[in-house]
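Asks: Let me give you the structure first, and then I'll get to my questions.
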Amino acid sequence: PNWKNSEVRLERHIVAACAKRLDLWNQMPLASGLLPLPDKDVKGKRRVSSEGRRAVDLIYRPEGANGPVELLELKVLRPNGSRDSVRDAALELLEYGVIYLFSRKYREELGYNRSNRDDTYEVLGAPQIRLRVLAPPDYYVGQDIGSFSIDTTNCALKDYLQSNGLGNLTMDIGFEQLAKSDDAISQFVGKECWSGEKGN
């Protein structure tokens, strides 16, 4: 019950329950060293401390190392009833997708091919990237999926990949909800597409 109003707690809950059984991990940095940190103010604090890091909440490989990779952005309904809109959540996830594509395209220049371990940057060689907003069902109640066009965005992603020499990669975006279950593994593994139906 402690995760229900906190994205961080939900993330930790899923990882604690599932990571030993699934090919799953959290907080994969996407922009370490790519984006400059904002200048510090007079008190020595940065306006946005995470701007230079940008990390994806969860990374899941449902078919193992050589299969598709899901970049999951978690969202919840907050205790005061507020939440990010599905549009804002999708735009945040698209930013991660664009940074991923940049890193994949320029992996050699960025030094992402230099490692003693073969699996260090294997996500950059995935055949498919699924960008997914993942949330409990109550997050979606009353949300308007019409504020974000999934089909138009997926067509644009396909065109971008083909026109930028990334045609062997597929990438799409969508919304998913945790399955209704008391068991964390079942909630995560049984996650399903959110179609935008009112109250669904």
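The values are calculated or read from the model by the stated rules, or taken from the named source; none is laboratory data. Given the structure is predicted, the values throughout are model-derived calculations rather than measurements. Glycine gets a Cβ as well: all are built from the backbone with ideal geometry, and neighbour counts include every protein chain shown. Please note that ligands, DNA and RNA were not included when accessible areas were found on the heavy atoms of the full protein model with its side chains. Shrake-Rupley method; radii C 1.70, N 1.55, O 1.52, S 1.80 Å.
Asks: Could you pull the Cα extents of segment 59-200 along its three principal axes, largest to smallest, in whole Å?
Replies: 46, 33, 25
Asks: Starting from the Cα of Gln162, step 7 Å along the direction of its Cβ; do the same at Ala65; then give the gap between the two resulting points in nm.
Replies: The modelled label-to-label distance comes out at 3.3 nm.
Asks: Run the simple label-point estimate for Ser6 and Glu108 please: 7 Å along Cα→C-beta, distance reported in nm.
Replies: In this crude spin-label approximation the distance works out to 4.6 nm.
Asks: Also, I was wondering about something else. Just the number, please: carbon plus sulfur as a percent of the accessible area of segment 63-197, 1.4 Å probe, no ligands or DNA/RNA counted.
Replies: Carbon with sulfur: 46 percent of the solvent-accessible area.
Asks: So, one more: Using a Förster radius of 22 Å, what is the FRET efficiency between Arg78 and Asp144 based on their Cβ-Cβ separation? Nearest 0.05, please.
Replies: Using R0 = 22 Å, I get an efficiency of 0.75.
Asks: Using the basic label-point model (7 angstrom from Cα toward the beta carbon), what is the Arg21 to Ala184 distance in nanometres?
Replies: 1.1
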